[in-house]
Structures are given as structure tokens and as C-alpha cells.
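Read-outs throughout are calculated quantities, based only on the coordinates presented, and are distinct from any laboratory measurement. The structure presented is a predicted model; accordingly, all values stated were derived computationally and were not measured.
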Amino acid sequence: MTVVLISLVIVLVLAGIGVLLVSMKEEKTITYTNPVGGMTNIGDPFVLKDGGMYYMYATSAPTIGFRAWQSDNMVDWEEKGLVYDIDRQSNQWATGDFWAPEVIKYNNQFYMTYSARNEKGNLQISIAVSKDPLGPFKDVSTEIIKQEGSYIDGSIFIENDGTPYFYYVRDCSENIIDGNHVSQILVQKMNSDLTSLIGEPQLLLQPDQEWEGLNDDYQWNEGPFVLKQDSKYYLMYSSNYFASEDYGVGYAVADKPLGPFKKAEENPVLSKDLKKEISGPGHNSVTVGLDGETLYTVYHSHTFPEAPSGDRQMNIDRLYFKDGKLKIDGPSNTEQKISLEEN
């Protein structure tokens, strides 16, 4: 009997230790509800993670440049002011329409790509550089696209071997196909300084799915963003008019960064939910969470769903892959969790 009692005590003690260990391993999280950050009247949010800090750049000061916000948890954001100002550039080439900035860290510098309107009235893409993610950014290549026309939404993707690729959009304002204004997503390799493009532009995507408004006079495939998963390249993009409730996100897949890309049959993967008062979710970027593993897509939605316009706000939702397909847990407007610990 004594042996049995001792064994029982040992089991209970070990069980208690097990409960304690489970308790000690409870994941630390932060909760949030979309939209995040409290900013309005912005668009095209792009989030860069550098170290333990996040930086968000957006269409936010369209007459003079771009503002940025900073966060240490992806949820609470502090505005840091203008990080790019056309009035502080040696070549004040742009007159307005400063749109869709993206920033990557490359060779210990920060490279911003953005579009703006030049003195001829065309939309043009420029590359600006800074040693600090909060700027000031200075232009280093104001005419990276050499072809005639209007171009927007430049996005840089760095392959594992260090090769840079530049995805961008031929804007529908001047691109007319069969009588319709049609935007197209193109790609070219970049030089190692990220200041010029190599070779001829290659057409990757243009509107060809029903949800993309094929019967409209103006048709959009824009806002490209590329990420790599299991040796596949996923090109995310947005379609429909940015001030329409139908603005949304689709994706296409390829075996190589230059394509060919095939659009997913299940597109769109991010679309309106008017019952939740979510209108026009789109122009997304992707960043990694505080756990160093979980992916999150960052996108805008209309601040006033009943009256869609250029007044937009920022949202974040988890992105993941399943059976080769890209999935998004959104658009959400209920409480979500972000892990605060690295695995």
C-alpha cells in the first residue's frame, strides 16, 4: 500500500509539473481588429520589416511625396512625417500624383520605388534611396522605364541568388486595346544597383477573368507584388477601379520569376464583404509577423463603404499556402491575434 501511495504522489506531482510547463509555454499574442493604425485618407499600404521594427509607406501626400508610419507590433502605428519630398530633390521632375511607394532593404540601403506625374502629363516611375527607412529618400533614377506611355506601381523582387526583378504596370490611361483602356503587368530584370532595367519588357498579366470587369471601358490589373513559396512564384495583383467596391486581389503562379504566370481559378482571394461594411479591399503587400514565420497581407479598404473613394484605411490579415494555393484569412473585421514570439 505504501508503494502505491508513493507512486500516486509521484504521478500527481509530475502531472502538476506538466500543467505548469504547458502554462509556461502559452503563446504571447496581441489582438487587433481591422482597420489598424487609425490613419485614413491613405492608399496602397506597403509594410517593410527591418529588425524588430515595421515601417509603412502609402499614397499619403499625393501633391508632394510620401509619409511613413512606424510600429513595433504591426498594430499600433506612429506617423513619422514626410520621408520623400519632391521639393528637396535636385531634379524636381514630378508635378503631383505621388502614388504607391514600396521600400526594400538592399545592400544596406533602402530603395523606394514610386510613381508620379511628370511635366509632360505622363505617369512615370522613379527609384529613390536612403540610408534610413525613415528617409530622407533621394531620387537616383527618375526615368527607369524607357518606353513611351504612362507607368505605375513598380515593385522589386530579389531572387534567392541575388538577381533583382522589376514588376510594373502599363497604366490604362494611355494603353488602348481594341478600343478599351487596359492596364498590363510587365517585368524586366534590373541591374545590381537597382537603377536601370535589363532587356525588353515582358508582358505577364492583363484583365482576362470575369471578375475583372471585362465589359468595362477601363480595365485594371495593377499593384503587383511577388513572393516565393516552395519554388513557385506567386504574383499578387489588384483589379477593378480603386474607388469601386469591387476592387479586389487575385494572384497568378509561375515556375520562374519571368513567367509565364497562370491566374488562379479561385480569384479573387480578397474581395468586398458589404455585410461587414468592407468595400474595395486591395493593392496589397506582404510582410512577416513578429514570430519571424507567419505571413500577413497588408491592404487598404474604403473608409466610407457606402461612398467608395480615394479615402482608404489600412488592414492586415494572415496569408498562408495550402496545397499550392494562396489563402487569406480575410477580409476580416473581427478580433484577430498576432504572435509576439519567435518560434
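In sequence order, segment 305-313 has phi-based couplings of x, 6, 9, x, 7, x, 7, 10, 9 Hz under the Karplus curve 6.51 cos²θ - 1.76 cosθ + 1.60, θ = phi - 60°, and Gly or Pro positions carry x. Axis of helix 2-24 versus longest Cα principal axis of the chain: the two differ by about 20°, to the nearest ten degrees. Cross-linked pairs 256/276; 28/105; 49/322: Cα-Cα separations exceed 31 Å for 256/276. Segment 137-179 and segment 281-320 have Cα centres spaced 22 Å apart.
Subtract the Cα-Cα distance of residue 275 and residue 339 from 0.36 nm times their separation in residues, and report this length gain in nm to one decimal.
Values: separation 64, 0.36 × 64 = 23.04 nm, distance 2.84 nm.
Length gained between residue 275 and residue 339: 20.2 nm.
Excluding same-chain neighbours fewer than eight residues apart, the aspartates and glutamates reachable from residue 263 by a Cα-Cα span under 17 Å are 208, 210, 212, 222, 255, 323.
Determine the equivalent ellipsoid of the chain by diagonalising the alpha-carbon gyration tensor, then write out the semi-axes as square roots of 5 times the eigenvalues, largest first, rounded to whole Å.
Values: eigenvalues 325, 103, 84 Å².
In descending order the semi-axes read 40, 23, 20 Å.
Every helix of 4 or more DSSP H residues in the chain counts as -39500 (n - 2.57), and over all residues that averages to -2500 deg cm²/dmol at 222 nm.
Scalar couplings 3J(HN,Hα) for segment 78-85, obtained by applying the Karplus form with A = 6.51, B = -1.76, C = 1.60 to θ = phi - 60°, are 10, 5, 10, x, 5, 10, 10, 9 Hz; x denotes Gly and Pro.
Here the Karplus relation 6.51 cos²θ - 1.76 cosθ + 1.60, evaluated at θ = phi - 60°, turns the backbone of segment 118-134 into coupling constants of 8, 5, 7, x, 8, 7, 9, 9, 10, 10, 10, 10, 8, 8, 10, x, 9 Hz, with x for every Gly and Pro. The length gained on full extension between residue 192 and residue 160, counted as 0.36 nm times the residue separation minus their Cα-Cα distance, comes to 10.1 nm. Only Cα pairs under 8 Å and 6+ residues apart enter the sum, and on that basis the relative contact order of the chain stands at 15 percent.
Once the piece of chain linking residue 178 and residue 33 is laid out straight, how much longer is it, given 0.36 nm per residue of separation minus the C-alpha distance between them? Before the final figure, lay out each step's value.
Numbers: separation 145, 0.36 × 145 = 52.20 nm, distance 4.39 nm.
Length gained, residue 178 through residue 33: 47.8 nm.
Could you tell me what percent of the DSSP beta bridges with both partners in segment 98-227 are antiparallel, to the nearest 5?
Working: 36 of 38 bridges.
Antiparallel: roughly 95 percent of the beta bridges in segment 98-227.
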